[in-house]
Amino acid sequence: MKTEDKQGMKTHTADFDIVVIGGGHAGVEAALAAVRMGRRAAIVTMDPQKLALMSCNPAIGGIGKSQLVKEVDALGGLMGVATDGTGIQFRRLNLSRGPAVWSTRAQADRIGYNAFVVEYVAKQKNLEVIDGVAGEILVDSGRAIGVRLEDGRSVSARAVVVASGTFLGGLIHIGEKHFPAGRIGEQAAYQLSESFRALGFEISRLKTGTPPRLDGRTIDWSVCEIQPGDEPIPFFSSRSRRGSFTQTPCHLTATSEKTREIIDANKHRSPIFSGQITSRGPRYCPSIEDKFHRFADKPKHHIFLEPEGNGTDEVYPNGFSTALPEEVQREAIRTVIGLEGVTVTRPGYAVEYDYCPSHQIKPSLETRRIQGLFFAGQINGTSGYEEAAAQGIMAGINAALYCVNEPAFILDRSEAYIGVMIDDLITRSITEPYRMFTSRAEYRLALREDNARDRLNHHARRLGLISDAESDLFLKLDSDTRVTVALLAKTRVKVADLNRLSSQLKKRDSLTLAELIRQPDLELNELLPVLVRHTDGQRDGMESLERAAIQIRYQGYIDKQQREIDRYKKLEHDRIPSDFVFQSVHGLKTEAREKLSRFRPVSVGQAGRIEGVTPSDMAVLSVYLKRHRETARADK
Amino acid sequence: MKGRTASRADTQDTIAAIITPPGEGGIAAVRVAGSKSRSVLARHFSAKHSDDAEPHPFLMRLGYFKSLDGEILDEVMAVFMPEGRSYTGLEQIEIFCHGGRQVVKKILDEILKGDIRAAEPGEFTRLAFENGRIDLSRAEAVAEIIAAETEVSYRASREHLLGNYSEHIDMLRTELIGVLSEVEASIDFTEDAPEVGADSRKLLILVDSLVTKLSALAETYRGGRIISEGYTIVIGGRPNAGKSSLFNLLLRKERALVTPTPGTTRDYLLERIDLDGYTVNLIDTAGLRQGGGKIEREGQRLAKGMIAKADLVIWVVDLSKQNWAKLLTLDIESLGSAHILLLGNKIDIVKKAASLSLSASQKIIGASCKTGIGLSKLHREIVGRIEKSMPDLTSGLVVTSARHRQKLKESIRHLRLARTKIEGSVSPELVAYDLRTAVSSLGEITGKVYTEQVLGRIFSRFCIGK
Ligand SMILES: Cc1cc2nc3c(=O)[nH]c(=O)nc-3n(C[C@H](O)[C@H](O)[C@H](O)COP(=O)(O)OP(=O)(O)OC[C@H]3O[C@@H](n4cnc5c(N)ncnc54)[C@H](O)[C@@H]3O)c2cc1C
Ligand SMILES: Nc1nc2c(ncn2[C@@H]2O[C@H](COP(=O)(O)OP(=O)(O)OP(=O)(O)O)[C@@H](O)[C@H]2O)c(=O)[nH]1
Ligand SMILES: [Mg+2]
């Protein structure tokens, strides 16, 4: 910031190494990562008290997303720790679906989480939070050099990370009403959008929505099904030190026949159906009016009643996202079982916002157009706190590396869900808000919650994102795991001693625990107690035992998948230089040439994932690349 | 799962394909490249001369190509090229045979039974280029060749000369994606919609129906071969039965030697004829009997191999022999499951025409190669058999490429694995693993890469979203 009191400021140095626009989930992780790597960072945000606020569902994790949280955590990020520190209920999902897709989900405390992050950020050295609205990206000969705020101040930096969420050109709709806002009660950011247009970025619009909030004291809980948390509490982060506590339950209820009648009668008043909203919303997160419309034969829909925190009576009716007029929302929600006398504290709404279609970024999240300008979170067309945090940490790391001229840090599809997500972003036209699902990962069996640190610990250590001590702690766990693997391979048990399981193992008298683990029809989570019993496992050894069991279980598949991964990597390593001119390649089909010029893949493998690029285009490309490389070498 | 369709052979994969263009006659060749090439020679090739037993680089060796069951498919020339000095730059072998298109295909099929993958279109050239075996200045030309080969191959499956083959494959793939999306939904959306869950009985039915359809398609490979390569008829029988006489008659020329001495035909003879519009590969063989000299025995071994691989065997019986029925009963047993048509020859010199049939199901056509009696009946019978074994052309679905067949089989294999897992209540992530592999195998036939189709299906089928 251009302030006089900066001690020893030299004329040409920037105020900060990195300035982050927006203190949401992406922005916070970006700034923290940069600071951990020794850079000086600032977050410019509209309201410093609203850092990492959850705009919508107060929950972190879930299937596909929890893997992202664990990866962010392995890279030294805050999301796991903040969730563990303030969450009010923790569950493990998908236990019967196999360990690769076991997922953790926490009911967060909206206010508690936000306060935790505000406090954590305040404690950081070299990190400043600036209260203001960013209006323009300052650019000098193709490089980002800072940000100008709407009030005229400017902040100079060597790199800029944009994490402005749903605020760019935000427009909220409730029934026939619509007004500019980023989130309800918060202003939108218009100037910044204009700045991107002026810089030549392509901008498009997406939409999302949220349900009304309810006063929990007016809900009849007795008619709802209770959903308690799991014990022992499945925390996210190995860094968390929180002990056991009394969890707050969620509840499950459903709409009634009356709900459908009211919604059907008023559907035309929803901006989604009236034509007032034209941008695409997420298919996986439809509004209640959309659900009744598209699945007309479904008489009722589930509604999850989720507490917003311990210090509030507000309840989030998950599954009832709507943009119907306020009075219709009130009438309709009172037809849900148990909500007959409910008070609505805040109405639901839909919001449309600007995003920059993600073919405009590189795998490092740096924009192609402006050097030193990075995009993370909703601005890239994603949706979700976890997706935002994961991009945020990557953008922060890469901005930090950019400042010292080091090569970018890129995770590939076989290493992390983060890699899958970013690769998807840069090879696809995103037409609906992008959310993570486990089915997006082709090497799903290798990308698990339990091995996030196996995959990322060495990166985190090298980059200075975690301390050596912390990294060593993991290495210790890893060696314990290996010992346990060996133990399981040699411990024999009598089938007769296996009680209930023995009926499924009729054919033999005894077997090793490793063999038992490999029985495909036995569910691993049910086996764990047996393993504990036969290995004198103490609670301390539980993590290594579980890890060992999962490793044994998957070994055969991992070996098979390794060959696919090798093949994949080979194509990934067939790099396309950034100055490569696709237009000059004869033999490419027109469609491929256009798509390649638009998405600018960094490797032949990535090119192949772009729709419209055929195997023969890939072949042509790799031949030309080889020649390109050889002539470049000859020129030197 | 994506982007693998154009995978370049990594050093681990050994690949094989026919490298001579399809066409009439001449010499056809199969190339195998990769670290397992030499083992193909060890498995299938036996040198004719004992001093040729070991492969020497670039030395053509004469010998026999044997199937895995030890049957000789053809006399071939084989050459071995060490790594770094072959066309592809990898360890490589080439096998040349004169048995024509059909034999070379059989040779390729045999090779692919090992741990060897059918080469992707353009793959050899691409390897050659990558490994520096082709001059960089020819990059444009090489790119064009590869692109053309790849295009032709995928287009061939797209605009298959026999109809909408690729549409059919895509349809099956879509069906398979439907099954996969049921399983994926039960993984990704248990939280959002607790009622979403793959019903295993329903899944089994869907998988079974797919296996049936894919198998039927894979089976047409035989029929497809008949169309592209012709229908193979082997004339077999005891010595002196009149096989060569019949061969010449069907050929309408004196091609085979005919003498009263048993054991006249030793090597086999192959001729291509047109029978009512069908292309037929007609093969005359040495007569089968116990004993005989060394050369004759060798001929008999060849004959047996031919019989086993034939689409139809015309088994000629000399009716003038007193004990023909007894011999025939013995012979039929040893013939096994081959498709046989029985022809009772020399009916002109049989005094009283006793019952010609061995049993109700084993009718014999009485005929004479001398007078021509019964031959038109034989002709009709042959054409009937050909028609019966032809694939259903109205559906237009015929697999003619060994590569496609291999992918279909891979897909079927993974569907079966998935089936076993579903039955054994194995967790869905592992079922999905096999289903995904099955989907991508099918995609590799038409060059389709995995896209967001699975999610698309899930969102349209299930009401997802809390
Ligand atoms: C109504 C609604 C419903 C949603 N529903 C869901 C859901 O059901 N599930 C789900 O996973 N996700 C949902 N989301 C998305 C989720 O909130 C976002 O994906 C996530 O918060 C994005 O994180 P972010 O860091 O990119 O941005 P945000 O969390 O939006 O944070 C952006 C921050 O940047 C600040 N900012 C913006 N512009 C400027 C500027 N010019 N100058 C200074 N500061 C600025 C804002 O004040 C804010 O603090 C919903 C969002 C909304 C608004
Ligand atoms: N009378 C009569 N003689 C026949 C007939 N068909 C073949 N012959 C004679 O039977 C003898 C053997 O005929 P081939 O055609 O050489 O018999 P082959 O089965 O090929 O014999 P090998 O090659 O020795 O196994 C010849 O002398 C033929 O002239 C027939 O229908 N009637
Ligand atoms: Mg003969």
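The values are calculated or read from the model by the stated rules, or taken from the named source; none is laboratory data. Note that this is a predicted model, so its numbers are computed, not measured. As a convention, Cβ positions derive from the backbone with ideal geometry for all residues, glycine included, and neighbour counts pool all protein chains shown.
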Checked the stretch B:350-369 for anything over 24 Å from B:Asp311 (Cβ atoms) and modelled with pLDDT of 90 or more; matches are B:Ser368
(1) more than 13 Å from chain B (Cβ to nearest Cβ); (2) more than 21 Å from A:Arg428 (Cα to Cα) all hold for A:Val623 apart from (1)
Filter pass, A:Glu449 being within 15 Å of ligand 1 (Cβ to nearest atom) and within 20 Å of A:Gln67 (Cβ to Cβ): no
Screening A:Ala198, A:Ala189 for residues that are surrounded by 15 or more Cβ atoms within 10 Å (Cβ to Cβ) and either over 22 Å from A:Met54 (Cβ atoms) or in contact with a strand residue (DSSP E or B) (Cβ under 9 Å, 6 or more places away or on another chain) (or both) leaves only A:Ala189
Given the condition touching a strand residue (DSSP E or B) at 6+ places or on another chain (Cβ under 9 Å), buried (at least 24 other Cβ atoms within 10 Å of the Cβ) and either modelled with pLDDT of 95 or more or part of a helix (DSSP H, G or I) (or both), answer yes or no: does some residue in the stretch A:275-287 qualify? no
Checked A:Ala144, A:Ala157, A:Ala106 against criteria (part of a strand (DSSP E or B) and touching a helix residue (DSSP H, G or I) at 6+ places or on another chain (Cβ under 6 Å)); the one match is A:Ala106
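Let's see how each residue does on (1) crowded, with 22+ Cβ neighbours inside 10 Å; (2) more than 8 Å from chain B (Cβ to nearest Cβ); (3) closer than 23 Å to B:Gln453 by Cα; (4) among the acidic types (Asp, Glu):
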position: A:Glu546; (1), (2), (3), (4): no, yes, no, yes
position: A:Ile565; (1), (2), (3), (4): no, yes, yes, no
position: A:Phe580; (1), (2), (3), (4): no, yes, no, no
position: A:Ser584; (1), (2), (3), (4): no, yes, no, no
position: A:Gly587; (1), (2), (3), (4): yes, no, no, no
position: A:Leu596; (1), (2), (3), (4): yes, yes, yes, no
position: A:Ile610; (1), (2), (3), (4): yes, yes, yes, no
position: A:Met618; (1), (2), (3), (4): yes, no, yes, no
position: A:Arg629; (1), (2), (3), (4): no, yes, no, no
Does A:Lys636 fit the bill of being facing chain B (nearest Cβ under 8 Å), of a type outside the set (Gly, Ala, Ser) and without any contact (Cβ under 8 Å) to a residue 12 or more places away in the chain?
no
Of B:Asn240, B:Asn248, the only residue that is buried (at least 19 other Cβ atoms within 10 Å of the Cβ) and in contact with a Pro (Cβ under 7 Å, 6 or more places away or on another chain) is B:Asn240
Residues of the stretch A:89-103 being touching a Leu at 6+ places or on another chain (Cβ under 7 Å) and within 7 Å of chain B (Cβ to nearest Cβ), in sequence order, are A:Gly98, A:Ala100
How many residues of the stretch B:123-141 are of a type in the set (Val, Ile, Thr) and either at pLDDT 80 or above or under 30 Å from the mean Cα position of the chain (by Cα) (or both)? The answer is 1
When the stretch B:406-465 is checked residue by residue, the ones that are facing another protein chain (nearest Cβ under 9 Å), touching a Leu at 6+ places or on another chain (Cβ under 9 Å) and within 30 Å of A:Phe320 (Cβ to Cβ) are B:Val454
Note: among B:Tyr268, B:Tyr231, just one is among the hydroxyl-bearing types (Ser, Thr, Tyr) and away from ligand 2 (no atom under 14 Å from the Cβ), namely B:Tyr231
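Yes/no matrix, rows are residues, columns are (1) touching a strand residue (DSSP E or B) at 6+ places or on another chain (Cβ under 7 Å); (2) modelled with pLDDT of 90 or more; (3) not in a helix (DSSP H, G or I):
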{"residue": "A:Glu526", "(1), (2), (3)": "no, no, no"}
{"residue": "A:Val530", "(1), (2), (3)": "no, no, no"}
{"residue": "A:Arg533", "(1), (2), (3)": "no, no, no"}
{"residue": "A:Asp536", "(1), (2), (3)": "no, no, yes"}
{"residue": "A:Glu543", "(1), (2), (3)": "no, no, no"}
{"residue": "A:Ala548", "(1), (2), (3)": "no, yes, no"}
{"residue": "A:Gly556", "(1), (2), (3)": "no, no, no"}
{"residue": "A:Pro577", "(1), (2), (3)": "no, yes, yes"}
{"residue": "A:Glu591", "(1), (2), (3)": "no, no, no"}
Of the residues in the stretch B:48-94, those that are out of contact with any helix residue (DSSP H, G or I) (no Cβ under 7 Å at 6 or more places or on another chain), in a loop (DSSP other than H, G, I, E, B) and closer than 28 Å to B:Gly132 by Cα come to B:His56, B:Phe58, B:Leu59, B:Met60, B:Pro82, B:Glu83, B:Gly84, B:Arg85, B:Ser86
Is it fair to say A:Arg197 is more than 16 Å from ligand 2 (Cβ to nearest atom), out of contact with any helix residue (DSSP H, G or I) (no Cβ under 7 Å at 6 or more places or on another chain) and not in a helix (DSSP H, G or I)? no
How many residues of the stretch A:309-361 are assigned to a strand (DSSP E or B), surrounded by 17 or more Cβ atoms within 10 Å (Cβ to Cβ) and over 26 Å from the mean Cα position of the chain (by Cα)? The answer is 1
| request: Report yes if A:Ser164 is near ligand 1 (Cβ under 8 Å from one of its atoms), modelled with pLDDT of 95 or more and either in contact with a helix residue (DSSP H, G or I) (Cβ under 6 Å, 6 or more places away or on another chain) or not aliphatic (A, V, I, L, M) (or both), otherwise no. | output: yes
Exactly one of B:Leu455, B:Leu430, B:Leu417, B:Leu435 is under 26 Å from A:Leu95 (Cβ atoms), more than 16 Å from ligand 2 (Cβ to nearest atom) and outside the structural domain of B:Asp199 (by TED's automatic domain parsing), and that one is B:Leu455
Residues of the stretch A:426-444 being buried (at least 22 other Cβ atoms within 10 Å of the Cβ), assigned to a helix (DSSP H, G or I) and within 13 Å of chain B (Cβ to nearest Cβ), in sequence order, are A:Thr427, A:Thr438, A:Ser439, A:Arg444
>> When you check B:Glu71 against the structure, is it in the same structural domain as B:Ala128 (by TED's automatic domain parsing) and buried (at least 16 other Cβ atoms within 10 Å of the Cβ), yes or no?
In response: yes
A:Gly556: passes all of (1) within 11 Å of chain B (Cβ to nearest Cβ); (2) more than 30 Å from A:Ala496 (Cβ to Cβ) but (2)
Over the stretch B:230-287, the set of residues of a type in the set (Asp, Glu), modelled with pLDDT under 90 and within 12 Å of ligand 3 (Cβ to nearest atom) is B:Asp267
Of the listed residues (B:Glu151, B:Glu120, B:Glu159), the one being buried (at least 18 other Cβ atoms within 10 Å of the Cβ) and modelled with pLDDT under 70 is B:Glu151
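Rundown of residues vs (1) charged (D, E, K, R); (2) surrounded by 23 or more Cβ atoms within 10 Å (Cβ to Cβ); (3) more than 28 Å from A:Leu51 (Cβ to Cβ), yes/no style:
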{"site": "A:Ser156", "(1), (2), (3)": "no, no, no"}
{"site": "A:Ile172", "(1), (2), (3)": "no, yes, no"}
{"site": "A:Phe179", "(1), (2), (3)": "no, no, no"}
{"site": "A:Pro211", "(1), (2), (3)": "no, yes, no"}
{"site": "A:Pro228", "(1), (2), (3)": "no, no, yes"}
Cβ pairs under 6 Å, 6+ apart or interchain, first in the stretch B:281-297 and assigned by TED's automatic domain parsing to the domain that holds B:Val317 and in contact (Cβ under 8 Å) with a residue 12 or more places away in the chain, second among the basic types (Lys, Arg) and more than 13 Å from ligand 2 (Cβ to nearest atom), ordered by first then second residue, are B:Asn281/B:Arg272
